[in-house]
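Peer 1: Below is one structure. I have some questions about it.
The values are calculated or read from the model by the stated rules, or taken from the named source; none is laboratory data. No experiment lies behind these values; they were computed from the predicted model shown. Cβ placement follows ideal geometry from the backbone for every residue including glycine, while neighbour counts extend to all protein chains displayed.
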Amino acid sequence: DAGITQSPRHKVTETGTPVTLRCHQTENHRYMYWYRQDPGHGLRLIHYSYGVKDTDKGEVSDGYSVSRSKTEDFLLTLESATSSQTSVYFCAISDPGQPSSGNTIYFGEGSWLTVV
Amino acid sequence: SQQGEEDPQALSIQEGENATMNCSYKTSINNLQWYRQNSGRGLVHLILIRSNEREKHSGRLRVTLDTSKKSSSLLITASRAADTASYFCATKRAMDSNYQLIWGAGTKLIIKP
């Protein structure tokens with residue numbers, strides 16, 4: 001298994017509160033991603049990072065922000081959680097510079113977030 | 001928008017039978033990947049097939065790619081209970097940056113003992 005650790009794995013929070021999900025990798029991969037997975041929608045990209053302090057928006061970035069201060073850590077913050085952000089969040093990593101497996105994405109185990 | 005669309009959405013077969021699931025896409029791709037997701041877990045990469053390849057094998061998995069039909073199939077032979085999972089295809093479109101993969105909604109496979 002790829003060395004990806006997500007925390008917390010499960011969280012229940014109230015509407016309007018800030019929430020931060022953490023992703024830590026030990027693979028030294030350049031790219032890191034945050035996806036959300038909802039029934040009927042598959043995986044949707046929230047934000048991604050292509051290097052330290054280099055981040056960009058994905059297709060569902062509204063209401064989310066990210067930060068990457070070190071290669072190994074990628075944080076996802078919900079500034080003011082809403083019920084529509086109840087979901088499973090997956091951190092993922094890849095290393096596009098590797099010719100043999102550059103497009104392969106490795107996933108963490110997920111963080112289940114419930115906003116009540 | 002979803003480029004990859006898996007078919008069927010759900011599939012239930014007896015252990016030992018073969019399972020086939022399909023993925024269709026709309027625009028030219030560089031490669032297509034298949035992933036497996038066990039219940040409550042993250043996705044795991046199974047196999048990648050490039051646009052200039054037609055077939056790849058990995059153990060009991062066989063993936064085909066037909067670029068003229070813009071479709072791929074994943075065949076799992078001699079299925080086992082442990083193959084029960086959701087299977088997703090992801091396409092790397094020729095037009096997109098390295099980071100972008102387009103994900104389908106998945107096929108849920110149930111293997112009955």
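Peer 1: If you go through segment A:79-95 one residue at a time, do you hit one that is buried (at least 17 other Cβ atoms within 10 Å of the Cβ), among the aliphatic types (A, V, I, L, M) and more than 27 Å from B:Asp96 (Cβ to Cβ)?
Peer 2: yes
Peer 1: Another question, then. Picking from B:Gly40, B:Gly16, which residue would you name as being on the phi > 0 side of the Ramachandran plot and either modelled with pLDDT of 95 or more or surrounded by 14 or more Cβ atoms within 10 Å (Cβ to Cβ) (or both)?
Peer 2: Going through B:Gly40, B:Gly16 in turn, the sole match is B:Gly16.
Peer 1: Please go through segment A:80-95 and give me each residue that is touching a Ser or Thr at 6+ places or on another chain (Cβ under 7 Å) and at pLDDT below 95, ordered by number.
Peer 2: Hit for segment A:80-95 is A:Ser94, nothing else.
Peer 1: When segment B:101-113 is examined, which residues are found to be part of a strand (DSSP E or B) and surrounded by 20 or more Cβ atoms within 10 Å (Cβ to Cβ)?
Peer 2: Those that are part of a strand (DSSP E or B) and surrounded by 20 or more Cβ atoms within 10 Å (Cβ to Cβ): B:Ile102, B:Trp103, B:Thr107, B:Leu109, B:Ile111.
Peer 1: If we scan segment B:54-61, do we find a residue that is within 14 Å of chain A (Cβ to nearest Cβ) and either within 22 Å of A:Gly40 (Cα to Cα) or out of contact with any Ser or Thr (no Cβ under 9 Å at 6 or more places or on another chain) (or both)?
Peer 2: Looking for residues that are within 14 Å of chain A (Cβ to nearest Cβ) and either within 22 Å of A:Gly40 (Cα to Cα) or out of contact with any Ser or Thr (no Cβ under 9 Å at 6 or more places or on another chain) (or both), one finds at least one in segment B:54-61, hence yes.
Peer 1: Quick one: how many residues across segment B:58-82 are of a type in the set (D, E, K, R) and part of a loop (DSSP other than H, G, I, E, B)?
Peer 2: 4
Peer 1: Which condition breaks for B:Thr27 when tested against (1) surrounded by fewer than 16 Cβ atoms within 10 Å (Cβ to Cβ); (2) within 24 Å of A:Ser94 (Cα to Cα); (3) modelled with pLDDT of 95 or more; (4) not small (Gly, Ala, Ser)?
Peer 2: (3)
Peer 1: Sticking with this structure for a sec: If A:Leu76 satisfies all but one of (1) away from chain B (no Cβ under 11 Å); (2) farther than 22 Å from A:Asn28 by Cα, what's the number of the condition it fails?
Peer 2: (2)
Peer 1: Sticking with this structure for a sec: Of all residues being among the hydroxyl-bearing types (Ser, Thr, Tyr) and within 10 Å of chain A (Cβ to nearest Cβ) in segment B:92-113, which is farthest from A:Pro96 (Cα to Cα)? Just the residue, please.
Peer 2: For segment B:92-113, the residue satisfying everything is B:Ser97.
Peer 1: From the residues in segment A:3-52 that are charged (D, E, K, R) and at pLDDT 95 or above, which one is surrounded by the most Cβ atoms within 10 Å (Cβ to Cβ)?
Peer 2: A:Arg36
Peer 1: Here is a further query. Of everything in segment B:73-100, what is closer than 12 Å to B:Val63 by Cβ, surrounded by fewer than 20 Cβ atoms within 10 Å (Cβ to Cβ) and either at pLDDT below 95 or aliphatic (A, V, I, L, M) (or both)? Give them in sequence order.
Peer 2: B:Leu75
Peer 1: Being more than 14 Å from every other protein chain (Cβ to nearest Cβ) and not hydroxyl-bearing (Ser, Thr, Tyr), is that true of even one residue in segment A:92-110?
Peer 2: Checking segment A:92-110: not a single residue is more than 14 Å from every other protein chain (Cβ to nearest Cβ) and not hydroxyl-bearing (Ser, Thr, Tyr).
Peer 1: Still on this structure, please answer the following. Suppose the filter is modelled with pLDDT of 95 or more and either out of contact with any His (no Cβ under 8 Å at 6 or more places or on another chain) or closer than 16 Å to A:Asn103 by Cα (or both); does B:Arg62 pass it?
Peer 2: Judged against the criteria, B:Arg62 is a match.
Peer 1: Shifting gears a bit: Does segment B:65-87 hold any residues that are within 10 Å of the chain's Cα centre (by Cα) and more than 13 Å from B:Tyr25 (Cβ to Cβ), and which are they?
Peer 2: Passing the criteria: B:Leu74, B:Leu75, B:Ser86, B:Tyr87.
Peer 1: Looking at B:Asn38, B:Asn30, B:Asn18 in this structure, which one is in contact (Cβ under 8 Å) with a residue 40 or more places away in the chain and within 24 Å of A:Pro96 (Cβ to Cβ)?
Peer 2: Going through B:Asn38, B:Asn30, B:Asn18 in turn, just one is in contact (Cβ under 8 Å) with a residue 40 or more places away in the chain and within 24 Å of A:Pro96 (Cβ to Cβ): B:Asn30.
Peer 1: Just checking, does segment A:22-31 include any residue being under 21 Å from A:Thr114 (Cβ atoms) and either touching a Pro at 6+ places or on another chain (Cβ under 9 Å) or not acidic (Asp, Glu) (or both)?
Peer 2: There is at least one residue in segment A:22-31 that is under 21 Å from A:Thr114 (Cβ atoms) and either touching a Pro at 6+ places or on another chain (Cβ under 9 Å) or not acidic (Asp, Glu) (or both).
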